[in-house]
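Single-structure report; data block below.
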Amino acid sequence: MTKNSSSVEDYLKHIYNLQSVSGLASTGNLAEVLSVKPASVTEMIKKLESQNYLINKPYMGFRLTKKGEKAALKLVRKHRIIETFLFSFLNYPLEKIHNEAEVLEHSVSEEFIERLDELMKFPAFDPHNEPIPDSGGYIKNTGYEI
């Protein structure tokens, strides 16, 4: 997979989170989560659909393809491992780890994440008790796999 822009990564991650809750994401709820205008979401959805990251059902919503889920789960993994490291090893307060991880997730390599994961002895959950996908996209204790 080629390196995506941080904007594309954020869209994929937030679509993944939204569809995990309700099955499909919508332009309105994605715009709200990302604090952008619906027109911006519409443009990005067209781009992501053209790159086979999602399937759009006009007026119904959209969902990620396997390719989109794989890319989203890579970012979810990075985010949750970084949060775990910040909280467990650097003693960041729980209320600060999310924003810090949002910044760092786009700038660290897969190798860095793998080394953090090993250092922390492969945690299954982050400090918010959310499952951490493994490097293959498998979410421990749920059986969910890409």
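Some notes on this structure:
- Sparsely packed loop sites in the stretch 58-146 (the trypsin sites (Lys or Arg not before Pro) outside DSSP H, G, I, E and B with at most 15 other Cβ atoms within 10 Å) comprise 121, 140.
- Within the straight-line cut-off of under 21 Å between alpha carbons, the lysines reachable from residue 57 are 13, 37, 46, 47, 66, 67, 70, sequence neighbours fewer than 8 places apart in one chain being disregarded.
- For residue 54, the residues whose modelled amide H falls within less than 5 Å of its own, excluding neighbours fewer than 5 places apart on the same chain, are 49, 65.
- The candidate values are (i) 121; (ii) 109; (iii) 131; the one derived from this structure for volume of the Cα convex hull per residue in Å³ carries the label (ii).
- Under Karplus coefficients 6.51, -1.76 and 1.60, residue-wise ³J(HN,Hα) of the stretch 28-44 in Hz, glycine/proline x: x, 6, 5, 4, 5, 4, 8, 6, 10, 6, x, 4, 5, 4, 4, 5, 5
- Gyration tensor (alpha-carbon) shape descriptor, the stretch 6-64, a/c threshold 1.5: rounded
- Under 5 Å between amide hydrogens, built in the peptide plane, is the criterion, and for residue 125 it picks out 132 among residues at least 5 positions away or on other chains.
Laboratory data are not the source of any read-out in this text; all were calculated from the coordinates shown. Note that the coordinates shown come from a computational prediction; the quantities given were computed from them, not determined experimentally. A quick note on method: Cβ atoms are made from the backbone with ideal geometry, for glycine too, and the neighbour counts reach across all protein chains shown.
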